[in-house]
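A short write-up of the structure that comes next.
The values are calculated or read from the model by the stated rules, or taken from the named source; none is laboratory data. These numbers were taken from a predicted model, which means no experiment stands behind them. Note: ideal-geometry Cβ built from the backbone for every residue, glycine included; neighbour counts use all protein chains shown. Quick note on the areas: whole protein, heavy atoms, side chains included, nothing else; ligands and nucleic acids left out. Shrake-Rupley method; radii C 1.70, N 1.55, O 1.52, S 1.80 Å.
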Amino acid sequence: MTDKQQDSDGLDAFFDAARNTAPAPDAAFMARILDDALSVQAEAVAPPSPVTKREGLFSQILRGIGGWPALTGLAAATVAGVWIGVNPPAAVSDQLASLIGTSSATTDATDSDWLLDPLTEYDIAMTGG
Amino acid sequence: MPFDAMSEVPDDALLVLYANGDAAAARALTTRLTPKVLGHAYRLLGDRAEAEDVAQEAMLRLWRIAAEWRQGEAKVTTWLYRVVANLCTDRLRKRRSVDLDSVPEPEDPAMGAEQGLQHVARAEALQAALDSLPERQRQAVVLRHIEGLGNPEIAEIMDISPRAVESLTARGKRALAEALAGRREELGYQDD
């Protein structure tokens, strides 16, 4: 800033006047500047580019079997398999019996029998030697 | 960060926030820097419309460079004054002769009517005298005596030595004093 004591050339009053009558930006001009600022900012801070994140093991397996639709199919098949194992339909039991050489009559037992006495004739024969 | 909380944040830190997408930083920088940039451009050009164009361009360059700004290396205002000066130089080269009638009436802040008129008249007379100075002298005088910067910062803005700044301001002030000598009484200088 100017020093009054050094104002030998008498210019300080003019400099003071210039400072006091500084051209102030009006609201419209300020809005223009801010618009520029925000639009440049929006361009610069673009949506994040697809980051190549390291894929986890589960994701890799999931992708390998064909994604979520394949996984739901696999889950349904698993549940069905477990259910068939726990409560086999008669046709399955007959097929199984013929496969292992026991009569179908042994498999005519009711579900509750099978559940209460899991030791079948086949098992007794095997354990009895 | 809320806008009010930014009044204490330095310019360069605000610029980093701006580059990171902070809209409040954009508003704070606009409010803080635009008046300085416009004022400086006006004093170098003496024309409000042209000064607005220059100020907008300078601020636009600031927004674009924000992402590359290295905090603590240079003052934002120093960089802006330099950009404004360069833009004004380009414009002044295009129009060699200055039409004094085109100098607009500076705005009058709240003050007594008579004192206000006197200030306006003095500011107009100074602006006309500034416009008649060689470009570098005008820039040095404006930075030193109106913007109130120190010689080292002016030297950085103008890319010259502090001694050269001293020389330019001294010659500029001598020329201004001569140009305004005949108008002191007319402008109420005797009242001070």
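Are there chymotrypsin sites (Phe, Trp or Tyr not before Pro) in the stretch B:1-88 that DSSP puts in a loop and that have at most 14 other Cβ atoms within 10 Å, and which ones?
none
Using a 1.4 angstrom probe on the protein heavy atoms only, could you order B:Ile157, A:Ile84 from most to least accessible area?
Accessible-area ranking of B:Ile157, A:Ile84, largest first: A:Ile84, B:Ile157.
Once you have all Cα-Cα distances for the stretch B:15-99, histogram them in 10 Å bins from zero and send the whole-percent values.
17, 48, 25, 8, 1
State the extension gain, in nm to one decimal, for the chain segment bounded by B:Ala128 and B:Leu60, taking 0.36 nm per residue of separation less the distance between their alpha-carbons.
Extra length available between B:Ala128 and B:Leu60 comes to 21.6 nm.
DSSP loop (so not H, G, I, E, B), at most 10 other Cβ within 10 Å: list which trypsin sites (Lys or Arg not before Pro) in the stretch B:20-82 pass both filters.
B:Arg70
Among A:65-78, B:142-155, A:17-30, how do they line up by average Cβ neighbours within 10 Å per residue, starting with the highest?
The most tightly packed comes first, giving B:142-155, A:17-30, A:65-78.
Kindly state, to the nearest 0.05, the FRET efficiency for A:Val45 paired with A:Leu74, given R0 = 45 Å and r defined as their beta-carbon distance.
Efficiency, from the Cβ-Cβ distance: 0.60.
Over the heavy atoms of B:Ser161, what accessible area does a 1.4 Å probe trace out, to the nearest 10 Å²?
60
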